[in-house]
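Each value in this text was obtained by applying a stated rule to the coordinates, not by laboratory testing. Everything numeric in this text was worked out from a predicted model, so none of it was measured. We place every Cβ from the backbone using ideal geometry, glycine too, and count neighbours over all the protein chains shown.
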Amino acid sequence: NAIVVANTELLDYEVFEYGSHVLVVSLEVLVSTNGLEPRAMQHTFNLSITDVDEPGVLAVVAPPLLEHSAGGVMVGTVYVTDEDAVSDYACTVVQGQQYFTVDEKLRVLV
């Protein structure tokens, strides 16, 4: 008889506002028999739910770019959302770096 997660959404650490990185959830289990002499046992378990640093969500908003745009012209903005908000973000152009850069304000520049 396995105990399995019934609703993963309820085990979302970010929903709870606790100071530590461990959330404790109580689980109470009742076991009973249907034999000639019915018996029951009950026990409470404390389960630790540890915070996981989920990846953030990345979006780039970029209007159409005109050909021959001057260097330094902003062509888009990078938006990052992260429920963990563990740290600041640094963006690097991985492909297309010969055309674009990303500045400290997460703006994409020619």
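Can you pull the one-decimal nm distance between simple spin-label points at Ile49 and Thr92, each 7 Å off the Cα toward Cβ? Going from the Ile49 label point to the Thr92 one covers 3.5 nm. The residue among Tyr79, Leu36, Leu11 whose Cα reaches farthest toward the positive pole of the charge dipole of the chain, with charges on the beta-carbon of Lys, Arg, Asp and Glu, is Tyr79. With a simple spin-label model that places each label point 7 Å from the Cα along the Cα-to-Cβ direction, the separation between Leu106 and Val73 comes to 2.4 nm. Computed from the C-beta positions of Val24 and Asn1 and an R0 of 22 Å, the FRET efficiency is 0.45 to the nearest 0.05. Specify which labelled value, from [x] 1.95; [y] 1.51; [z] 1.11, agrees with Cα Rg over 2.2 N^0.38 Å derived from the coordinates of the model shown. Answer by label: [x]. Only the Cβ atoms of Lys and Arg (+1) and of Asp and Glu (-1) were treated as charged; on that basis the dipole of the chain about its Cα centre amounts to roughly 200 debye. Qualifying trypsin sites (Lys or Arg not before Pro) in the stretch 21-110, where qualification requires a DSSP coil assignment and no more than 13 other C-beta atoms within 10 Å, comprise Arg39, Lys105. A Gaussian network model of the chain, with springs between Cα atoms under 10 Å, assigns the largest mean-square fluctuation among Gly72, Gly35, Gly96 to Gly35.
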